[in-house]
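These notes are about the structure you will find just below.
The values are calculated or read from the model by the stated rules, or taken from the named source; none is laboratory data. Just so it is clear, the structure is predicted and the values come from calculations on it, not from any experiment. Every residue, glycine as well, gets a Cβ built from its backbone with ideal geometry; the counts of neighbours run over all protein chains shown. Surface accessibility is based on the protein's heavy atoms, side chains included, excluding ligands, DNA and RNA. Shrake-Rupley method; radii C 1.70, N 1.55, O 1.52, S 1.80 Å.
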Amino acid sequence: MKLQTDMQVHRINDYLWEIPPSEKPGMLVPARIYASAAILTAMDRGVFDQVTNVACLPGIHRHALCMPDGHWGYGFPIGGVAAFDPEDGVISPGGVGYDINCGMRLIRTDLSLSEVQPKLELLMTELFRRVPAGVGSRGFVNLTRRDFRDVMQQGAAWCIAKGYGWDEDLERIEERGRLQGADPSHVTDYAVERGINQLGTLGSGNHYLEVQVLSDKGLFDRTVAAAMGLTGRDQILIMVHCGSRGFGHQVASDYLKVFEKAMRRYGIAVKDQQLACAPFRSPEGQDYFAAMNCAANTAFANRQVITHQIREAFTAVFGESAHALGMHLVYDVAHNIAKVERYPDGEWLVHRKGATRAFGPGSPELPDCYRAIGQPVICGGSMETGSYLLVGTDRAMQETFGSTMHGSGRTMSRAQAKRTVRGDQLLRDMKQRGILVKAVSMSGLAEEAGFAYKNISDVVDSVDRAGITKKVAELKPIGNIKG
Amino acid sequence: MSYAGTNVESPLQPNWEHFPHEADMGVRGIGPTKEAAFAGAALALTAVITDPAEVIPTQPVTVSCDAPDDELLLVDRLNALVYEMATRKVLFSRFEVHLNAHALQATAWGEPVEVARHRPAVEVKGATYTDLLVKQDQKGSWIAQCVVDV
């Protein structure tokens, strides 16, 4: 097997590989990659370099991990997971990502494909109108600075209190959509300026809102799916992928500068400038954590406001209330975040960067409705291929700090994708294949073509067979909004 | 290299280009001086979003920053432009840069985003430390580059 690294990579089993600490000076723990042999072979060199760099960070516990959707990121690889001792370890914005609490949300309906298909054009137009996307877009919620402070601290709960959602939504959001310890006094005015007008906006790049269909053929586990309100029978669902927008990016950039200086003060050396970090218990580490929680709460609020707009759009098109249409939240989960979590072997500061929490059955953090089956895990694929719903397992709790993959992962640069296909041609091709796309930019659309991504089914099979999450359903796109 | 372009003030001299990155985009400015390379990198930043030739340089915005070294100064400078673009909802196409050690004083000229005319492809969210480099090559040209997150 020829890999894109000179390091020794040992096979643990068919879906788990280990790089021993002897392969790079400074590695404190082994690095582990979850992937099939085929996916591992195709992984870019950056994944091996970056996951072993993470294994060198002070206070890292047990392993540095990478999921099968792993690819070259900033500091951590995308798909990276690492746990640190909260007392002696570090916190790193490179382990969270610039788009703090970028995440996935899935909403079910009682509608079927045959009911939606005749009105799909109208529905997508209405969604496109109500959910601003792309460069320069503004949210419909006008916030004062005081309001925005409340959003930072209260997250999705602020939205519910203002009428942008249902009380029941909160129990189906990771951490009920509100991370504790969010302190706006540690957020710069620059970040506030960038974020204050963006609540309820989708953004651009790989962010999207997608109308999807679940056929009987797409159901892998009917019992678990039923517990999530998924019935098959060409059921319509809506998936949202977005995060904290420019606000989170500004928080990350601001603290990377702070940590550059802090590392000198604390005598920390890192293998990559993007891994700038500070001891978690240091003033700098705690300030970043407080600001990061503000950005994470804003992202939960962003997806909540978008959910409100989606429900309004469906009501406008189908002439029934969102309640009557059965538009319940299935789940909302982050894939760019750092959190202190309790496991059987202790309490750890878990960084997930392009990786999803995947708590197994019985986890006390899960709401009653999911405690018996495990946490829903939402993995977005490319706009052409579809997405998956999975569920967390006991094995994830034992091996990966309750973590798994988050999406399909790019295999082609944006420039190469644009050279390969024109956006308007892609739009027409997708329409012929039954996927209606509304995009702000044809150029941006071309950059997100399906061929620029790994095959998500292969990636999902890796985590399913590794046992760190189990497949529940495959969702196929029929409508997509891109920024 | 995916795209390259010329500065409006020296149309015969290509002064920016993009370089590939799997998920995002690399921006590179090239010029006879460090200032020109910084200006080229800023133009490359605009070119990630739209065709700079479509952006009419009418409104000036002044940006100043300082940093411990040239590389960090480039990131700060590009992030300052991203901030101005995001909060003012503008795009820039003309840049003037003055450097004094690791302190930068610069003016950028541009206009408000018009989606129909500018057809912005993506929103640049910030500059990163990845492939970050400010140096003079063997021929004497200055290069200023990094990957930007989109």
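Taken over region A:26-49, residues that are in contact with a Cys (Cβ under 8 Å, 6 or more places away or on another chain) and under 26 Å from A:Tyr266 (Cα atoms) amount to 4. Considering region A:384-416, the residues that are open to solvent by 10 Å² or more (accessible area, probe 1.4 Å) and assigned to a loop (DSSP other than H, G, I, E, B) include one that is farthest from the other protein chains (Cβ to nearest Cβ), namely A:Thr393.
The number of residues in region A:142-176 being of a type in the set (D, E, K, R), closer than 16 Å to A:Gly200 by Cβ and assigned to a helix (DSSP H, G or I) comes to 3.
Looking at region A:163-173, can you tell me whether even one residue there is under 30 Å from A:Gln375 (Cα atoms), open to solvent by 50 Å² or more (accessible area, probe 1.4 Å), touching a residue at least 12 places away in the same chain (Cβ under 8 Å) and not β-branched (Val, Ile, Thr)? Before you say what the answer is, go through the steps one by one.
First, pick out the residues of region A:163-173 that are under 30 Å from A:Gln375 (Cα atoms): A:163-173.
The next check asks that each one be open to solvent by 50 Å² or more (accessible area, probe 1.4 Å); those that pass are A:167-168, A:171.
Next cut, touching a residue at least 12 places away in the same chain (Cβ under 8 Å) only: A:168, A:171.
Narrowing the set further to residues that are not β-branched (Val, Ile, Thr) leaves A:168, A:171.
The answer is yes; a qualifying residue exists.
A quick yes/no check of all residues on (1) out of contact with any helix residue (DSSP H, G or I) (no Cβ under 6 Å at 6 or more places or on another chain); (2) modelled with pLDDT of 95 or more; (3) over 16 Å from A:Lys257 (Cβ atoms):
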residue: B:Asp66; (1), (2), (3): yes, no, no
residue: B:Asn79; (1), (2), (3): no, yes, no
residue: B:Phe95; (1), (2), (3): no, yes, yes
residue: B:Arg119; (1), (2), (3): yes, no, yes
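Within region A:425-450, the set of residues being among the hydrophobic types (A, V, I, L, M, F, W, C) and either assigned to a loop (DSSP other than H, G, I, E, B) or free of Cβ contacts under 8 Å to residues at least 40 places away in the same chain (or both) comprises A:Leu426, A:Leu427, A:Ile435, A:Val440, A:Met442, A:Leu445, A:Ala446, A:Ala449.
Of all the numbered requirements in (1) over 19 Å from B:Pro57 (Cα atoms); (2) touching a residue at least 40 places away in the same chain (Cβ under 8 Å); (3) outside any strand (DSSP E or B); (4) out of contact with any Gly (no Cβ under 6 Å at 6 or more places or on another chain), B:Pro120 misses one, and that requirement is (1). Within region B:52-83, if we keep just the residues that are within 14 Å of another protein chain (Cβ to nearest Cβ) and in a loop (DSSP other than H, G, I, E, B), the residue that is surrounded by the fewest Cβ atoms within 10 Å (Cβ to Cβ) turns out to be B:Asp69. Of the residues in region A:347-363, at least one is out of contact with any Leu (no Cβ under 8 Å at 6 or more places or on another chain) and within 14 Å of chain B (Cβ to nearest Cβ). Restricting attention to region A:238-268, the residues that are surrounded by fewer than 22 Cβ atoms within 10 Å (Cβ to Cβ) and either touching a residue at least 40 places away in the same chain (Cβ under 8 Å) or under 21 Å from the mean Cα position of the chain (by Cα) (or both) total 2.
Taking the numbered list (1) open to solvent by 20 Å² or more (accessible area, probe 1.4 Å); (2) touching a Lys or Arg at 6+ places or on another chain (Cβ under 9 Å); (3) in a strand (DSSP E or B) in turn, A:Lys470 passes all entries but (2). Selection of region B:24-46 for residues being open to solvent by less than 20 Å² (accessible area, probe 1.4 Å) and among the hydrophobic types (A, V, I, L, M, F, W, C) yields B:Met25, B:Val27, B:Ala37, B:Phe38, B:Ala39, B:Ala41, B:Ala42, B:Leu43, B:Ala44, B:Leu45. Determine if region A:194-213 includes at least one residue that is in a helix (DSSP H, G or I) and either within 14 Å of chain B (Cβ to nearest Cβ) or closer than 19 Å to A:Arg138 by Cβ (or both). Yes - at least one qualifying residue is present in region A:194-213.
Checking the structure you have, find out if any residue of region B:121-136 is aromatic (Phe, Trp, Tyr) and either touching a Cys at 6+ places or on another chain (Cβ under 6 Å) or facing chain A (nearest Cβ under 9 Å) (or both).
Quick first cut of region B:121-136, residues aromatic (Phe, Trp, Tyr) only: B:129.
Add one more test, that the residue is either touching a Cys at 6+ places or on another chain (Cβ under 6 Å) or facing chain A (nearest Cβ under 9 Å) (or both), and what stays is B:129.
Yes, that holds for at least one residue.
B:Ala41 meets each of the listed conditions (1) at pLDDT 95 or above; (2) within 13 Å of chain A (Cβ to nearest Cβ) apart from (2). Identify the residue in region A:62-85 that is open to solvent by 10 Å² or more (accessible area, probe 1.4 Å) and away from chain B (no Cβ under 12 Å) and, among all such residues, is nearest to the chain's Cα centre (by Cα). Ranking the candidates gives A:His63 first.
Look at region A:1-21: where a residue is farther than 11 Å from A:Ile33 by Cβ and a partner is open to solvent by 40 Å² or more (accessible area, probe 1.4 Å) and basic (Lys, Arg), sitting 6+ places away or on another chain with Cβ atoms under 6 Å, you get A:Gln4/A:Arg45.
Just so you know, in region A:140-152 the residues that are open to solvent by 70 Å² or more (accessible area, probe 1.4 Å) and modelled with pLDDT of 95 or more include one that is nearest to A:Gly243 (Cα to Cα), and it is A:Arg149. For region B:84-117, the set of residues classified as assigned to a helix (DSSP H, G or I), more than 8 Å from every other protein chain (Cβ to nearest Cβ) and in contact (Cβ under 8 Å) with a residue 12 or more places away in the chain consists of B:Glu84, B:Met85, B:Arg88, B:Arg117, listed by residue number. Yes or no: region A:425-433 includes at least one residue that is of a type in the set (Asp, Glu), within 14 Å of chain B (Cβ to nearest Cβ) and surrounded by fewer than 23 Cβ atoms within 10 Å (Cβ to Cβ). Within region A:425-433, not a single residue is of a type in the set (Asp, Glu), within 14 Å of chain B (Cβ to nearest Cβ) and surrounded by fewer than 23 Cβ atoms within 10 Å (Cβ to Cβ). Cβ-Cβ contacts under 6 Å between residues 6 or more apart (or on different chains), taken from a first residue in region B:22-47 that is more than 25 Å from A:Ala449 (Cβ to Cβ) and of a type outside the set (Val, Ile, Thr) to a second residue that is open to solvent by 10 Å² or more (accessible area, probe 1.4 Å) and part of a helix (DSSP H, G or I), are listed as B:Leu43/B:Pro52. Evaluated against (1) at pLDDT 95 or above; (2) farther than 26 Å from A:Ala449 by Cα; (3) within 12 Å of the chain's Cα centre (by Cα), B:Asn15 falls short on exactly one condition, (1).
Residue-by-condition table, conditions (1) more than 14 Å from every other protein chain (Cβ to nearest Cβ); (2) on the phi > 0 side of the Ramachandran plot; (3) not in a strand (DSSP E or B):
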position	(1), (2), (3)
A:Thr223	yes, no, yes
A:Thr231	yes, no, yes
A:Leu237	yes, no, no
A:Val240	yes, no, no
A:Leu256	no, no, yes
A:Gln274	no, no, yes
A:Arg281	yes, no, yes
